[in-house]
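Let me begin by presenting the structure, written as structure tokens, before commenting on it.
Rule-based calculations on the coordinates, nothing more; no lab input. On a predicted model such as this, the values are computed, not experimentally measured, just so you know. Please note: Cβ atoms are built from the backbone with ideal geometry, for glycine as well, and neighbour counts cover all protein chains shown.
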Amino acid sequence: MTSHAGMLVFCCQDDDIEALRAASGTQGPALYVVDTPVAVTHRVVAGRPLAVFLGVGHKTLEHLDVIPVIHAARPDLPVIVIAEEDSLELERKARQKSIFYYLVHPVDPSEIEAVLKDVLRHLKH
């Protein structure tokens, strides 16, 4: 199973997904929302996503464990974490996994646009 280049979204809240859709616009990269860590790794290996957006919180902290698997398959793939709440503990644990960006819910479409521009710049290098 292969997919067109797009953004992979796992475990993000609905309003964050809507902000991602708004930021990417009608001409931007497609969003592929998946619901399990296995689906994330499958899409990373079988497809060519531009970035992975990963929602985490204190109750879903184990989602950070998928990041080393992503990096093993695609070391260059940017992983952006969207934390459910502002927490230094969550941020520290996420940054230890070598993430590309760390955002806190609720995200603003303009913030996502800036991240997407940086992702595209990163992929060109």
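With both labels modelled 7 Å from their Cα along Cα-to-Cβ, the His71 to Ser98 distance reads 0.4 nm. Calculated mean residue ellipticity, 222 nm, the chain: -12500 deg cm²/dmol, from DSSP H runs (n ≥ 4) at -39500 (n - 2.57) each, averaged per residue and rounded to 500. Label-to-label distance, Thr60 versus Lys124, with points set 7 angstrom from Cα along the beta-carbon direction: 3.2 nm.
Projected area of the chain, taken from the Cα convex hull and averaged over every viewing direction, in nm²?
Mean projected area of the Cα convex hull: 7.0 nm².
Hey, which lysines would be in cross-link range of Lys59, C-alpha to C-alpha under 24 Å, not counting anything within fewer than 8 residues on its own chain? Reachable lysines: Lys93, Lys97.
Cross-link partners for Lys124 among the aspartates and glutamates, with Cα-Cα distance under 18 Å and sequence neighbours closer than 8 places in the same chain left out: Asp76, Glu113.
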